[in-house]
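Written below as structure tokens is the structure these notes are about.
The values are calculated or read from the model by the stated rules, or taken from the named source; none is laboratory data. In this text the structure is predicted, and so the values were computed from the model without any measurement. Here the Cβ positions follow ideal geometry from the backbone for every residue, glycine too, while neighbour counts run over all protein chains shown. Side chains are part of the model used for accessible areas, which takes the heavy atoms of the whole protein and leaves out ligands, DNA and RNA. Shrake-Rupley method; radii C 1.70, N 1.55, O 1.52, S 1.80 Å.
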Amino acid sequence: MEANEILVIAMFLSFIALLFTGFPVAWVLGGIGIIFAFVGQWADANLDTFTGLDFLTLGLVVNRLWKIMDNWILVALPMFIFMGIMLDKSGVAEKLMHSMQELFGRVRGGLAVTVTAIGIILAASTGIIGASVVLLAVMSLPAMTRQGYAMPLALGTIASAGTLGILIPPSIMLVIMADQLALSVGDLFMGAVAPGLMLGALYIIYILGYGLLRPAAAPVPADARPVTLAVLFNVLRAVLPTLLLILVVLGSIFTGIATPTEASGVGALGATLLAVYNRKFSLQVLKDVVAGTTNTTAYIFAIFIGASCFALVLRELGGDELIESFLTGLPFGPYGIIFFILAVIFLLGFFLDWIEITLIVLPLLAPVISALDIAIDGYGVVDNPQLVWFVMLVAMALQTSFLTPPVGFALFYLKGVCPPGVKLTEIYRGVIPFIVLQLIGLLVLVFVPELVLWLPAKAYG
Amino acid sequence: MHDNNKLPAVALSDRIDSAIRRLTLGIGWCYVLLVLVIMLQVVLRKGFSHGLIALEELQWHLYAVGVMFGLAYAQTTDSHVRVDLFHAAFKTRTKRIIEILGILFLLLPFIAVIFIHSLDFVADSWRINESSSAPSGLPWRWLIKSAIPLTMALLALAVLSRLYREAVLLVRGE
Amino acid sequence: ADKVLLKTPVAFGTNLPALGTTITWVADHLDKVSDGRIRMKVYEPGKLVSPPEILDAVSSGKVNSGYATAGYWQGKIPAAALFSAVPFGPEAGEYMAWLYYGNGLKLYQEMYDSAGYNVHVLPCAILSPETSGWFSKPIEKPEDLEGLNMRFFGLGASVMEKLGVGTVQIPGGEIFGALEKGAIDATEFSQPAIDTRLGLNKIVKYNYFPGWHQQATIFELLINKDTWGEMTPGQQATLETTCMASVTNSIAEGEAMQFPVMADAKKNGVEIRYWNQQMLDTFEEKWNEVVAEKSAEDPFFKKVWDDLSQFRAGYDLWESNAFLPRKQAN
Ligand code: NA
Ligand code: NA
């Protein structure tokens, strides 16, 4: 093994080791980058390497940071965050839950299905996992406990439904992936619709099936009322404004009235108007939303900036070539390589979250995938169909990273709002079936690429 | 919203943090402004079929300001994402030592590199009076570029405040 | 220096014909011609640094070389665009004549020196004419342009602005997305062979010629001056000669690869149009206004422009007598 390959591996290992000290991820990334730049310089002087790294080359971090600032695609990110937090404050989601519970009240597992359905709606209006999970938990966990749901089922339902937002558009993850790989955001958004809905459907089927097999785990409430026209009307009235907002945001991207950036602005304004409509708006609410947006955007971008430094130094050390040659040299054939990559991403997802994986790993993988000889039909409309399909596979694999222990952000958010009696192991146990469902979904996607590519082809054909 | 893990009080650090929070939250209103600018652009472009390149650029200027100043805010609220799998089980004393070492050997060097190199970066832009490369874009590119050293200095201040807090608490044995 | 490794971030992906492939050719040949004493490692756009940051990165020594086109720096140095492509400007032959045997190259280096950039510049490729742009509707008269949002590069952008077009200079990879979302209504990017790669023909069908804004485009290899100074005269000459060879290679490649693609596009329903005389006159008239304004704003721009104009005025006598008339498209 050559000296610079050892340095690359050492860099990765130090990163993982320091992650577990609990020091902020962003700063571990940045700091490791700086340290290994000097290690590279030392190696140039003392070992047989030619990295060219030194204090001067580290200055590229500033140019890279500037390109993060000077980026009109990423403007959508704080706007979607703004929208998500405002929706949370507007009381819309709470209303939704109330009325939909009435609609499904008499079905076994109806409440859990309701949670999933609202998860899908939340996912389609924003994509802030933290907000979705917390929201769903606060609203539904007490109700599910009261009805006597088995704790793991309740917890798993909430965590998985809350994570749908990262796949179903609008999605920050897809915006960033499009930016990283120079793909069309529109293609990715449209491509994610069917896979996202498929996951939602799988969850619902599982919940209903589980309720049939284990009636004790998902009991029917004693006081359930029959679904009357009045109930139906109530549901409609509660859901309509939110549906309208979703329609406006997605519709304006879909029809080309607005770019994703503009749609995100429309969404932020729309959520604010919903808050006004529900009489939940005040200066204090706006202040809270501003503070929340500032905070959330900042800690996500801190990871960008740190990852940018990490990736720069990794590349100069020759990490690109190492990973690329390793992956293309695998004796597996194209699909074997795809499975191997997905397995690696799935495993990385145990320890890292999607931001780091996306920013560090995805650009390294793009040339590998382009070099594979897999014919994927873009219907003559979708550019780079092979890459779009692959990105969707990665997106779905990454979605599981929110749920996989030990480091799963959805689990952490959930633990944060659960009653003190709920143990982390209970949450772990609850999400396992849903992780399996996601892997099934992933498998379907590998062999049915049409699920990804048909909609964008129709939308832009 | 992420204010849940309040840090134990240390007078000097508390004062510095609250000053930073006031400043950065004030600047955070640029996100509200951003919503309005986007809406204005949508109306101009769709209503009067004449979008303005300058407004397009103003959007990412506002976003950049919000993001960069936000870094220091998130530092004072202790919201930067941590992998707290083992961290949660560490003794308080161990946590403090990790925080101090991390700040000294990972975070401060990182900030220092960006700060030092950004000075030349901004100076170059100022020297040639850089403007947008689009003919009707915004002038004074050095102004938005100077957000880099400025926010890095602010972040360094927030970090030093945290360092002082941890050191004092460590000595006190809290 | 005994051995030089040029770390070269580039402005265009090396998968793009002409825009990107030329630098791969240079890297391959440098290695062979120098017997391995000059090696060039090419970094795809954004891997180390994104295209607009290349000049700064090379000048400050963060990387020791970079490959781009000077029009990228027009926000930093107004005259830079004149060394990239000039509207109603010289074709490749005349452009090279001015660069190598007129004052062009001297002024090119002087531009970076006087703006305080620590770089040595070598022209390292020259591209064939570009197309004038892709539109969703026929453009028959100047009014048809009013209110369009268009991606446009370099000095031509100012001309389009005068005709009521809002211009942006977004990178190649983002054009398709912007078009399909309606963020822009029309775009100019490069030559037929390259535009087709981006899939522009899928969204907008009217492809206009001639590319009055870019009859020839120069690409430059920037080398940090300290790195340049440390090279032996032999290494310097190797770089210069390889870049000159690349200029030949690039124009030959560019001239060879357009017509099959155009024939294909035509078959797939692309309308290939030639600007009518009224449009061409309008573009030229507006360009004259733009160049007068730019000359008034920036003394160095004026200096370069005057020198180029003087050279071209002299060249006219030769040009108008030496060449056969061209066949017109329609
Ligand atoms: Na979403
Ligand atoms: Na995980």
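Using a cut-off of 20 Å between Cα atoms, the listed pairs A:LYS67/C:LYS76; C:LYS3/C:LYS225; A:LYS95/A:LYS287; A:LYS67/C:LYS162; C:LYS137/C:LYS286; A:LYS458/B:LYS46 include A:LYS95/A:LYS287; A:LYS67/C:LYS162; C:LYS137/C:LYS286; A:LYS458/B:LYS46 as exceeding that distance. Computed over protein heavy atoms with a 1.4 angstrom probe, the accessible surface ordering of A:LEU174, B:LEU52, largest first, is B:LEU52, A:LEU174. Under a 5 Å amide H cut-off, with hydrogens placed 1.01 Å from N, C:ASN224 pairs with C:SER65, C:HIS120 among residues at least 5 apart or on other chains. Backbone phi angles across the range C:317-324, fed through the Karplus curve with coefficients 6.51, -1.76 and 1.60 (θ = phi - 60°), yield HN-Hα couplings of 4, 5, 4, 5, 9, 7, 9, 5 Hz in residue order; Gly and Pro are listed as x. Farthest towards the positive end of the charge dipole of chain C, among the residues C:TRP305, C:THR238, C:THR167, is the Cα of C:THR238, using unit charges on the Cβ of Lys, Arg, Asp and Glu. Surface exposure of chain B, expressed per residue as accessible area with a 1.4 Å probe, stands at 44 Å².
What dipole magnitude, in Debye to the nearest 20, does chain C give about its Cα centre under +1 on Lys/Arg Cβ and -1 on Asp/Glu Cβ?
780 debye
Under the membrane-span-like helix rule (DSSP H runs whose alpha carbons stretch at least 20 Å along the helix axis, mean Kyte-Doolittle hydropathy 0.0 or higher), chain B yields B:11-28, B:53-76, B:108-127, B:147-172. The mean count of C-beta atoms from other chains within 10 Å of the C-beta of residues in B:23-34, rounded to a whole number, is 5.
Here the label points at A:VAL436 and C:ALA313, each 7 Å from Cα along the C-beta direction, are separated by 8.6 nm in the simple model. Compared with the dominant principal axis of the Cα atoms in chain A, helix A:25-46 is inclined by about 10°.
In this view, the solvent-accessible surface of C:TYR274, computed with a 1.4 Å probe and all protein chains in place, comes to about 70 Å².
Here the 3J(HN,Hα) profile of the range A:110-115, calculated from phi with Karplus coefficients 6.51, -1.76 and 1.60 at θ = phi - 60°, is x, 5, 5, 4, 4, 4 Hz, Gly and Pro shown as x. Its Cα centre serving as origin, the range B:10-165 has a Cβ charge dipole (Lys and Arg +1, Asp and Glu -1) of approximately 480 debye. Look at the alpha carbon pairs under 8 Å that are at least 6 residues apart: their mean separation over the length of the range C:21-84 gives a relative contact order of 18 percent. An oblate overall shape is assigned to the range C:248-293, the ratio a/c of its alpha-carbon gyration tensor axes (a ≥ b ≥ c) being 1.5 or greater and a/b not exceeding b/c. Within the full protein context, the accessible area of A:HIS98 is estimated at about 130 Å² for a probe radius of 1.4 Å. Need one word for the protein assembly as shown: rounded, prolate or oblate. Basis is the Cα gyration tensor (sqrt eigenvalues a ≥ b ≥ c); a/c below 1.5 gives rounded, then a/b vs b/c decides. Prolate. Estimate the FRET efficiency between C:TYR274 and A:LEU244 by the formula 1/(1 + (r/R0)^6), using the beta-carbon distance for r and 51 Å for R0, to the nearest 0.05. Taking R0 as 51 Å, the efficiency between C:TYR274 and A:LEU244 is 0.55. Note on A:PHE12 and A:LEU212: with the Förster distance fixed at 35 Å, the Cβ-Cβ geometry gives a FRET efficiency of about 0.15. Given in Å, the Rg to one decimal and the Dmax to the nearest whole number for the Cα atoms of the range B:77-146 are 19.8, 59.
Take every Cα pair under 8 Å in chain C that's 6+ residues apart, average their separations, divide by the length, and report that relative contact order as a whole percent.
This gives 24 percent for chain C.
Rounded to the nearest 10 degrees, the inclination of helix A:333-351 to the longest alpha-carbon principal axis of chain A is 70 degrees.
Dipole orientation for the range A:73-461: of the candidates A:VAL134, A:SER264, A:TYR335, A:VAL134 has the Cα lying most toward the positive pole (charges on Cβ; Lys, Arg +1; Asp, Glu -1).
Each Lys and Arg Cβ is given +1 and each Asp and Glu Cβ -1; about its Cα centre, the protein assembly as shown then shows a dipole of about 3840 debye. Note: relative contact order over the range B:11-172, using C-alpha pairs below 8 Å and six or more positions apart, is 31 percent.
From the residues A:VAL62, A:SER325, A:LEU243, which one has its Cα farthest along the dipole of chain A in the positive direction, the dipole being from +1 and -1 charges on Cβ of Lys/Arg and Asp/Glu about the Cα centre? With unit charges placed on the Cβ atoms, the residue in question is A:LEU243. Around C:LEU107, under 15 Å between beta carbons, what's the net of Lys plus Arg minus Asp minus Glu among the other residues? That sum, taken over residues with Cβ under 15 Å, equals -2. Between C:LYS266 and B:LEU33, the FRET efficiency estimated from the beta carbon spacing at R0 = 41 angstrom works out to 0.25. Measure nothing but the geometry: give the 0 to 90° angle between the long axis through the Cα atoms of C:21-33 and the longest principal axis through the Cα atoms of chain C, rounded to 10°. Tilt of helix C:21-33: around 20 degrees. The residues A:LYS287, A:LYS415, sorted by heavy-atom accessible surface at 1.4 Å with ligands and nucleic acids left out, run A:LYS287, A:LYS415 from largest to smallest.
Going 7 Å from the Cα of C:ALA245 along its beta-carbon direction, which residues of the range C:1-38 have the amide nitrogen within less than 15 Å of the resulting point? Answer for this model: C:22-38. Inter-chain neighbour count for C:67-74: the average number of beta-carbon atoms from partner chains within 10 Å of each residue's beta-carbon is 1.
B:GLU166 contributes an accessible area of around 10 Å² to the protein surface, as traced by a 1.4 Å probe with all chains present. The simple spin-label model puts a point 7 Å past each Cα toward its Cβ; for C:GLU140 and C:ALA237 those points are separated by 6.2 nm.
A prolate overall shape is assigned to chain A, the ratio a/c of its alpha-carbon gyration tensor axes (a ≥ b ≥ c) being 1.5 or greater and a/b exceeding b/c. Charged neighbours of C:LEU280, selected by a Cβ distance under 13 Å, balance to -1 (K, R count +1; D, E count -1).
Inter-chain Cβ neighbour count for A:305-316, averaged per residue, equals 2 (cutoff 10 Å, partner chain atoms only).
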